[in-house]
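**Q** Below is the structure I would like to discuss, written out as structure tokens.
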Amino acid sequence: MTSKNAITNSREFAQLLTLARGGLRFIDLSDTLSNSTTAIESMPHTIEYFDHQDTLTVGAARFGLQTEDWKGSAYAYERVTATTHSGTHMDAPWHYAPTSGGEPARTIDDVPLEWCLGPGVLFDVTGIDRVRGILREDLERELERIGYELQPGDIALIRTDASLHFGEPDYHLWGPGLRRDATAFLVESGVRVIGIDAWGLDRPFDVMAREANAGDRDQLWESHKYGAEREYLQLERLCNLAALPRPHGFVVAAFPCKIEGASGAWTRVVAILDGVGQE
């Protein structure tokens with residue numbers, strides 16, 4: 001995607017936002033990071049909560065402040081221990097390989113912000129077998145069904161409904177995942193960000209491991225590894241894609257936390273639509 005194309009696309013969806021009649025509608029496509037799922041995560045996280053009473057002692061210890069100084073209530077905060085790939089997050093090219101296209105791979109703090117805001121395109125690929133995976137032909141068929149042609153700067157959202165199983169012990173085994181030819185098709189069409197409502201963009205690891213152990217190593221993490229050839233970003237563990245009222249004609253905002261040198265970061269992903277016709 002060239003800078004010229006980025007500016008053109010920015011004007012297009014900025015106009016959508018500015019001229020939206022009836023106000024704007026926001027649909028949250030992000031999962032909630034919660035202690036309730038810690039026990040089932042392959043990369044566990046913990047959230048410690050400190051309330052307004054807990055911090056009275058902190059104020060006393062650090063600043064000599066007494067309860068009456070705070071009028072009986074101080075401040076609340078949380079301490080989170082988690083990987084940068086916990087919950088809804090964005091993968092940077094550095095996650096896939098040390099280089100991309102022969103150049104040093106970008107870390108999350110080096111991701112161009114203009115990539116993170118763009119027209120959204122929803123691919124409904126629910127019902128595809130998780131072993132077969134999602135092929136290029138599936139995406140092309142869906143584009144034909146919805147009457148849309150991909151444009152540079154589009155953000156592709158892959159709906160598998162694996163998110164319906166978030167919170168279950170085996171949720172990471174649900175969802176078909178993109179095969180290499182599908183990922184290449186999107187990226188080579190100008191898509192910089194691909195999001196999926198599953199644990200990962202590739203097929204489940206039990207499927208890939210079984211095939212790798214049988215001798216087919218080329219398919220192992222094939223969509224991630226494609227990022228070593230052409231850079232792109234992944235959004236993983238999206239949810240609520242079924243709430244999108246149409247397959248295109250909306251904007252996706254997905255700005256990751258800025259963490260120095262990181263391979264990924266937590267991301268609040270939101271779809272923005274005009275309010276016309278909403279109930």
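The values are calculated or read from the model by the stated rules, or taken from the named source; none is laboratory data. For clarity, every value in this text was computed on a predicted model and none was experimentally measured. Counting neighbours? That spans all protein chains shown, and the Cβs are built from the backbone with ideal geometry, glycine included.
**Q** So how many residues does region 113-150 have that are part of a loop (DSSP other than H, G, I, E, B), more than 18 Å from D202 (Cα to Cα) and in contact (Cβ under 8 Å) with a residue 60 or more places away in the chain?
**A** Initial filter on region 113-150 (part of a loop (DSSP other than H, G, I, E, B)): 125-133, 135, 147-150.
Then keep just the ones that are more than 18 Å from D202 (Cα to Cα); that gives 147-150.
Those still in the list that are in contact (Cβ under 8 Å) with a residue 60 or more places away in the chain too: 148.
Residues that pass the stated criteria total 1.
**Q** Can you tell me how many residues in region 204-244 are touching a residue at least 60 places away in the same chain (Cβ under 8 Å) and touching a strand residue (DSSP E or B) at 6+ places or on another chain (Cβ under 8 Å)?
**A** Residues flagged as touching a residue at least 60 places away in the same chain (Cβ under 8 Å) and touching a strand residue (DSSP E or B) at 6+ places or on another chain (Cβ under 8 Å) within region 204-244 amount to 19.
Residues are listed down the side, and each one gets a yes or a no for (1) touching a Cys at 6+ places or on another chain (Cβ under 6 Å); (2) within 22 Å of T84 (Cβ to Cβ):
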site	(1), (2)
D216	no, no
E231	no, yes
R246	no, no
F255	yes, yes
G261	no, yes
V270	no, yes
D274	no, no
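**Q** I've got another one for you. Suppose the filter is under 30 Å from the mean Cα position of the chain (by Cα) and either part of a loop (DSSP other than H, G, I, E, B) or closer than 30 Å to A162 by Cβ (or both); does E78 pass it? Break it down into steps so the answer makes sense when it comes.
**A** Working: under 30 Å from the mean Cα position of the chain (by Cα): yes; either part of a loop (DSSP other than H, G, I, E, B) or closer than 30 Å to A162 by Cβ (or both): yes.
Yes.
**Q** Which numbered condition in (1) under 18 Å from the mean Cα position of the chain (by Cα); (2) under 30 Å from L173 (Cβ atoms) is the only one that L117 fails?
**A** L117 satisfies every listed condition except (2).
**Q** Looking at region 109-125, is at least one residue at pLDDT 95 or above, small (G, A, S) and buried (at least 22 other Cβ atoms within 10 Å of the Cβ)?
**A** Step one: of region 109-125, the residues at pLDDT 95 or above are 109-125.
Now drop any that are not small (G, A, S), which leaves 118, 120.
Still in the running and buried (at least 22 other Cβ atoms within 10 Å of the Cβ): 118, 120.
Yes, that holds for at least one residue.
**Q** With (1) free of Cβ contacts under 8 Å to residues at least 24 places away in the same chain; (2) in the same structural domain as V270 (by TED's automatic domain parsing); (3) of a type in the set (A, V, I, L, M) as the list, and A74 as the residue in question, which single condition is left unmet?
**A** (2)
**Q** Output the number of residues of region 151-191 satisfying the condition of being surrounded by 15 or more Cβ atoms within 10 Å (Cβ to Cβ), within 19 Å of the chain's Cα centre (by Cα) and not in a helix (DSSP H, G or I).
**A** Matching residues across region 151-191 total 19.
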